[in-house]
There are 2 protein chains.
Amino acid sequence: MAKKLKGNLIVGQSGGPTAVINNSLCGVIQEAQKHSDIENIYGMLHGIQGLLEENIIDLGRQKPEIIEGLRSTPSAALGSCRYKLKDEDCEKILDIFKKYNVRYFIYNGGNDSMDTAHKVGELAKSEGYELRCMGVPKTVDNDLAFTDHCPGYGSVSKFNAIATRDAGRDTEAIGIVDKVKIIETMGRNTGWITASTALAKDSEDSAPHLIYLPERVFDEEKFLADVESVYSRLGYALITVCEGLKDKDGKYLTASDRAIYADAFGHKQLGGVADYLCSIIADNLKIKARFDKPGTIQRMSSLCASKTDAEEAYMVGQAAVENAIEGASGYMVSLVRESNDPYKCTTGLVPLEKVANAEKPVPDEFINEAGNFVTGAYIEYAKPLIGELPEYVRLEKIAVKR
Amino acid sequence: MAKKLKGNLIVGQSGGPTAVINNSLCGVIQEAQKHSDIENIYGMLHGIQGLLEENIIDLGRQKPEIIEGLRSTPSAALGSCRYKLKDEDCEKILDIFKKYNVRYFIYNGGNDSMDTAHKVGELAKSEGYELRCMGVPKTVDNDLAFTDHCPGYGSVSKFNAIATRDAGRDTEAIGIVDKVKIIETMGRNTGWITASTALAKDSEDSAPHLIYLPERVFDEEKFLADVESVYSRLGYALITVCEGLKDKDGKYLTASDRAIYADAFGHKQLGGVADYLCSIIADNLKIKARFDKPGTIQRMSSLCASKTDAEEAYMVGQAAVENAIEGASGYMVSLVRESNDPYKCTTGLVPLEKVANAEKPVPDEFINEAGNFVTGAYIEYAKPLIGELPEYVRLEKIAVKR
């Protein structure tokens, strides 16, 4: 039987917003409201950065319909931050917690946030201040270790899968003019988001045709040969690339010392990866290429929120409070896949310290040998996370009788 | 009573694909199937360009569920083209029409397509070959004259309105780090698409905060002052710009002779308009700015297809056939707004020749005096075209009681 701990709860959001992060917030609040040990529910505005200035609001006294409405509101409703914790900050945070009698601290974010929650928790322990610290995972990057996947990933994947399916149809239709389309996705260090574009593929010839992840060294010559091969077979090509692609020297493709180039029209350019790749395709293969870079639009598209993702985001928020009430502290709630068909996912607990210092790249078994696509094992992993995609028809090439 | 004309119908799609262009194709086919005068229904693959090579398929013998499925399939199912008609082509097209006994020619596209339909129709007339030529409007650019709006515009507008609303929430949440977000929309010559981002705005302070259309000369100093003003008031800013912005000399902002610049990190860059504007914000205001460029994703997003737009696209396809059966030729079907509240739209007819040579910019009454936003009159015009947008909640800033 866990020792009862009466006091206030504070929750904060950190890092890049997602389509479903507010579901976690809703889960935290609605669960907290069930427990009489939790006296007040506070929210930090703009995470730890706001907390340090005592920018705190009362979440327990919001209208219930606003709390419920968080489930369909994208982006971070409390405001987010990217704040590098300084040594003296932990002491200050703890002082503020004491001042507001905060006994439950729930922090929702990526591995930096887990590090923050861990450090504050350790300090409280050393000072004998009873505080239960729990991390709630959130990142479109899906790069947190010790969890099957991260809330936010299913929705960014759904966006990219649909955008790629649609862009594939677009390029197929107008490929007679714009022959190659490149979609640049987010993902500075890992290729999880880019990989999700593979979910668009619904037939052997449909888009995407090539996928490049930062887990593999980018080789320009091989890339051009790959593109030419698809193009000569289909007459068009749709390629997805990660913004974080690097060459054999570990340099980003867009690093300033290499990416000044002249495109087919003689314009000197340096842009993102896709921009650069369009130019080398034009220069070397003499094929017109265009790119789409949805940027942050991909991470918080409310229309593309995956139902599974939204439910799981709620579930991890709820589980953080439930576990804290039962006495847990110093853990991040993880997602544990119980079965894949039917898909079933529950929650587990991982020490914050372990999560804080790890980054999970796309594993080898999810990347094909040629390094230009994902494997069936990846599709099996990712498919349940995004739910149904829109299905399209294709006209049959029925010959005209004369 | 129209003179009966028995023979075959051919339909083609041209120009940039849209989310709803296949609704028009479906309308043409399903209407044509009702009339016994129309013996066979043919489709040209990749428009006139494919037709010239006799790339034709039979649409009358497709499975009904495939034809019906066109209503929810984005992009051009027949394949599209951008083909500049040569003088000798009209003769060749007419020969192919004669060979296949084509008596009804329905062409779905923008003003170049209307020009094609017009020229082929005139040639047929001069040769005494009975042919009924009808144009079906289609363009996300919304720049066709003599029609209230163009099928495709409602859906690209819905995409941009939702993306801007979501990006506004994103920037509001993380504006503590990424202070300015610029969204670059399509629109080489007119600002209709950019204007539609204004539909995202649901409160005085919500995004977008500034909108720049190519109908106004872009003034860098004024732009920077505008951005600074919003930023100092709200602490973040979301700006939408048209890819076709030009300076006082009529030069695109990204023309090669001006857009090589060094960004805040000393990288020399030339990219799109948004990329360039991010750099001048960083250089002059010392504020970090990021951009999203959804590119072609905005024009054929099936999830953002507007119901009204899809229905009207079907309606103009259907009306083209109905009118041709009744004897009309040489017209484009237009959309006529009968009333705005409730919104009611019917179809009309405009001579192809008139449409072919006109381009409709965003009119003065739709642009505010400062040239950095749209007017209420524009909102009233555009709102019915996109349908409902997702609504989000906002937490109240309820102070913590201690």
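The values are calculated or read from the model by the stated rules, or taken from the named source; none is laboratory data. Owing to the predicted nature of the structure, the values given are computational and were not obtained by experimental measurement. When we count neighbours, we look across all protein chains shown, and the Cβ atoms used for this are built from the backbone with ideal geometry, even at glycine.
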*From the list B:Tyr212, B:Tyr236, B:Tyr231, which one is hydroxyl-bearing (Ser, Thr, Tyr), in contact with a Gly (Cβ under 6 Å, 6 or more places away or on another chain) and at negative phi?*
B:Tyr236
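Answer yes or no as to whether A:Asn108 is buried (at least 18 other Cβ atoms within 10 Å of the Cβ) and of a type in the set (S, T, N, Q).
Working: buried (at least 18 other Cβ atoms within 10 Å of the Cβ): yes; of a type in the set (S, T, N, Q): yes.
Against the criterion (buried (at least 18 other Cβ atoms within 10 Å of the Cβ) and of a type in the set (S, T, N, Q)), A:Asn108 qualifies.
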_Need the failing condition index for A:Ser24 against (1) in contact (Cβ under 8 Å) with a residue 40 or more places away in the chain; (2) hydroxyl-bearing (Ser, Thr, Tyr); (3) in a loop (DSSP other than H, G, I, E, B), just the number._
(3)
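B:Ala382 - would you say it is surrounded by fewer than 18 Cβ atoms within 10 Å (Cβ to Cβ) and more than 14 Å from every other protein chain (Cβ to nearest Cβ)?
no
Confirm whether B:Glu31 is surrounded by fewer than 19 Cβ atoms within 10 Å (Cβ to Cβ) and not in a strand (DSSP E or B).
no
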*Cβ-Cβ below 7 Å, separation at least six or inter-chain, first residue in region B:42-62 and more than 8 Å from chain A (Cβ to nearest Cβ), second acidic (Asp, Glu): which pairs?*
B:Leu52/B:Asp89
*For residues in region A:358-378 being within 17 Å of the chain's Cα centre (by Cα) and not small (Gly, Ala, Ser), which is modelled with the lowest pLDDT?*
A:Glu359
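So is A:Lys401 surrounded by 20 or more Cβ atoms within 10 Å (Cβ to Cβ), basic (Lys, Arg) and modelled with pLDDT under 95 or not? Give the steps one after another, and end with the answer.
Values: surrounded by 20 or more Cβ atoms within 10 Å (Cβ to Cβ): no; basic (Lys, Arg): yes; modelled with pLDDT under 95: yes.
Criteria not met by A:Lys401.
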_Need the failing condition index for A:Ala207 against (1) assigned to a loop (DSSP other than H, G, I, E, B); (2) touching a strand residue (DSSP E or B) at 6+ places or on another chain (Cβ under 7 Å); (3) surrounded by fewer than 24 Cβ atoms within 10 Å (Cβ to Cβ), just the number._
(3)
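Does A:Ser113 count as in a helix (DSSP H, G or I), within 14 Å of another protein chain (Cβ to nearest Cβ) and among the polar types (S, T, N, Q)?
Values: in a helix (DSSP H, G or I): yes; within 14 Å of another protein chain (Cβ to nearest Cβ): yes; among the polar types (S, T, N, Q): yes.
So A:Ser113 passes the test.
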*For residues that are of a type in the set (A, V, I, L, M) and buried (at least 24 other Cβ atoms within 10 Å of the Cβ), scanning just region B:132-161, find the one that is farthest from the other protein chains (Cβ to nearest Cβ).*
B:Met134
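Please verify whether A:Gly69 is at pLDDT 95 or above and small (Gly, Ala, Ser), treating the condition exactly as stated. Lay out the reasoning, then the answer.
Working: at pLDDT 95 or above: yes; small (Gly, Ala, Ser): yes.
Considered against the rule, which asks whether it is at pLDDT 95 or above and small (Gly, Ala, Ser), A:Gly69 comes out as yes.
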*Answer yes or no: is there a residue in region B:64-82 that is without any contact (Cβ under 8 Å) to a residue 60 or more places away in the chain, aliphatic (A, V, I, L, M) and surrounded by 21 or more Cβ atoms within 10 Å (Cβ to Cβ).*
yes
*Only one of B:Glu338, B:Glu369, B:Glu326 that is touching a residue at least 40 places away in the same chain (Cβ under 8 Å) and acidic (Asp, Glu)*: B:Glu326
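Check B:Ile57, B:Ile38, B:Ile96 and return the single one that is closer than 30 Å to B:Ser306 by Cα and among the aliphatic types (A, V, I, L, M). Can you show your working first?
Numbers: B:Ile38 fails: closer than 30 Å to B:Ser306 by Cα; B:Ile96 fails: closer than 30 Å to B:Ser306 by Cα.
The conditions single out B:Ile57.
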*Among (1) hydrophobic (A, V, I, L, M, F, W, C); (2) within 7 Å of another protein chain (Cβ to nearest Cβ); (3) within 24 Å of the chain's Cα centre (by Cα); (4) assigned to a strand (DSSP E or B), where does A:Ala76 come up short?*
(4)
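Restricting to region B:39-61, what's the tally of residues that are in a loop (DSSP other than H, G, I, E, B) and buried (at least 21 other Cβ atoms within 10 Å of the Cβ)? Steps first, answer last, please.
We begin by selecting, within region B:39-61, every residue in a loop (DSSP other than H, G, I, E, B); these are B:45-46, B:52-55, B:59-61.
If we keep only those that are buried (at least 21 other Cβ atoms within 10 Å of the Cβ) too, we end up with B:45-46, B:59.
Within region B:39-61, residues that are in a loop (DSSP other than H, G, I, E, B) and buried (at least 21 other Cβ atoms within 10 Å of the Cβ) number 3.
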